[in-house]
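Values in this text are rule-based calculations from the coordinates and carry no lab data. The model shown is predicted, which means the values in this text are computed figures rather than measured ones. Methodologically, a virtual Cβ is constructed for each residue, glycine included, from the backbone with ideal geometry; neighbour enumeration extends over all protein chains shown.
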Amino acid sequence: MRYILLEREVLATTQKGDEIVRYTLRNDNGIEAAVLNYGGILQSLRVPDRDGKAADIVLGFDELEPYLGEHPYFGAIIGRVGNRIAHGKLTLNGRPVQLTVNSKTCHLHGGKRGFDKVLWKAAAKLTNDGQSVELHYVSPAGSDGYPGRLSVTVNYVLTPANELRIQYAAQSDADTIVNLTNHSYFNLAGAGTGDVLKHEMQIFADQYTPVDGTLIPTGELRDVAGTPFDFREPTSIGAWIDAEDEQIRFGSGYDHNYVLRPQTGEPRPAARVRELRYGVVMEVLTTEPGLQFYSGNFLDVEGKGGRRYGKHAGFCLETQHFPDAPNHPHFPSIVLKARDWYRSTTIYRFPPL
Ligand code: BGC
């Protein structure tokens, strides 16, 4: 392997004197991933197409500034609990817990001071698996209503096998709940080149969790067979996105959790996406039981290079435990017992077409 220096750029310094830094990971095959210690944000991901020409395939901003304000969670690490909890309410060890309500009637993506909005401590490392950046954050007890002081480590690694691997670990000093993910929006033809409706999507799931009008799961696990949610075979994202279907209407498109096939503990395939014009393939592998497929239904923002990102300009595949898990005892639990380890791995892999 050629020795390539891991790039570290200081973008700003906070009033407290902390540096906001961008780390750029590279491998020998021309893949390049830029990660910010602010929000743990994957700011850009350059992947070569079938002709070897690299395009940035994640939505986001060129500058730091727009990341500091409200934005659609572009590329960010999401926590403590990703996705929605109805009314921010749950019961833990028989006691009521009230989390911040920050999205209509729900707690969404960790609340007001989610992991997308905090400054992480970061260390760049050259490992046997490739260049990596390790992020660390301690969330104080009571933050956004969450019990326990939670210590979190997220590791981004770019491997020679064209994998961007995200490893999560967390530990709390009191019983709590955790469900971490990454909120990247992908467009495999390049961010800002139009919508993703022609991308071919395959999701390795036989069921999904239907929602009510507030996007909270009803508790049902519904077969995808015979519905617009059937992506067991490669199907274009746009094929059924406007179907007359109550679930599609509730989500204004796809905004639903898929029930992945059982895992062995090792990351297993969750989804495979193909963009045929330029020839870019992305596989998602994970140890998680669920996958949120969000088809960028509410996008309307100016992004990198001054390009407008409109409806369906990108899609998210958020690996996770199911939304509102604490209020559905038959969903896999997101409870983390005091001093136990939470661990989760998700891989975005870019094989040849
Ligand atoms: C959710 C959407 C939400 C979006 C916010 C997604 O993970 O599933 O409902 O609108 O995040 O940008």
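Counting other Cβ atoms within 10 Å as a rough exposure proxy, the listed residues R339, R80 run R339, R80 from fewest neighbours to most.
Over the residues of the chain, the helix contribution to mean residue ellipticity at 222 nm works out to -500 deg cm²/dmol, using -39500 (n - 2.57) for each DSSP H run of at least 4.
Show me the trypsin sites (Lys or Arg not before Pro) within the range 252-307 that DSSP assigns to loop and that have at most 13 other Cβ atoms within 10 Å of their Cβ. If you can, show how the numbers build up before the last one.
On the way: sites: R272, R274, R277, K304, R307; in loops: R277, R307.
Those satisfying the criteria are R277.
What is the fewest-to-most order of T346, T287, T319, T14 by other Cβ atoms lying within 10 Å of their Cβ? Working shown, then result.
Values: T346 24, T287 20, T319 28, T14 10.
Lowest count first: T14, T287, T346, T319.
Based on DSSP loop calls and a cut-off of at most 13 other Cβ atoms within 10 Å, the longest stretch of the chain free of exposed GluC sites (Glu not before Pro) is what?
Working: sites that count: E63, E70, E220, E244.
For GluC sites (Glu not before Pro) (loop position, at most 13 other Cβ atoms within 10 Å), the longest site-free span of the chain is 71-219.
Sorting H107, H71 from the fewest to the most surrounding beta carbons within 10 angstrom yields H71, H107. Can you give the FRET efficiency to the nearest 0.05 for N327 and D242, using r as the Cβ-Cβ distance and R₀ = 35 Å? Efficiency, rounded to the nearest 0.05: 0.70. Relative to one another, the C-alpha centroids of the range 284-351 and the range 1-52 are positioned 21 Å apart. The value of relative contact order for the range 166-289, using C-alpha pairs under 8 Å at least six residues apart, is 27 percent.
Taking a ≥ b ≥ c as the square roots of the Cα gyration tensor eigenvalues, with a/c under 1.5 meaning rounded and otherwise prolate when a/b beats b/c, else oblate, which class fits the range 235-277?
Details: a/c = 3.76, a/b = 1.49, b/c = 2.52.
Since a/c reaches 1.5 but b/c is at least a/b, the shape of the range 235-277 is classed as oblate.
Pairs of Lys residues in the chain that lie 8 or more places apart, or on two chains, and have C-alpha atoms under 18 angstrom apart add up to 6.
Could you check how many percent of all C-alpha pairs in the range 7-349 are farther apart than 32 Å?
24
Compute the length gained on full extension between L6 and D340: take 0.36 nm times their separation in residues and subtract their Cα-Cα distance, giving the result in nm to one decimal.
Value of the extension gain: 116.9 nm.
Okay, which of the range 323-341 sit inside 19 Å, backbone N to the point 7 Å along the Cα-Cβ direction of R268? In the range 323-341, the label zone of R268 (backbone N under 19 Å from the point 7 Å along Cα→Cβ) covers 331-333.
Roughly how big is the range 7-349's charge dipole about its Cα centre, with Cβ charges of +1 (Lys, Arg) and -1 (Asp, Glu), in debye to the nearest 20? Write out the running numbers ahead of the final one.
Details: 36 positive and 42 negative charges, 144 e Å.
Once rounded to the nearest 20, the dipole reads 700 debye.
Under the definition of Cα pairs under 8 Å and six or more residues apart, what whole-number percent is the relative contact order of the range 1-128?
Normalised by residue count, the contact order of the range 1-128 is 19 percent.
The trypsin sites (Lys or Arg not before Pro) found in the range 192-253 that occupy coil by DSSP, while having at most 16 further C-beta atoms within 10 Å, are K198, R232.
What chymotrypsin sites (Phe, Trp or Tyr not before Pro) in the range 305-342 are in a loop by DSSP, with at most 15 other Cβ atoms within 10 Å of the Cβ?
Details: sites: Y309, F315, W341, Y342; in loops: W341.
Answer in residue order: W341.
Expressed as a rounded percentage, what relative contact order does the chain have, with Cα pairs under 8 Å and six or more residues apart?
Numbers: 933 pairs, mean separation 61.4, N = 353.
After rounding, I find 17 percent.
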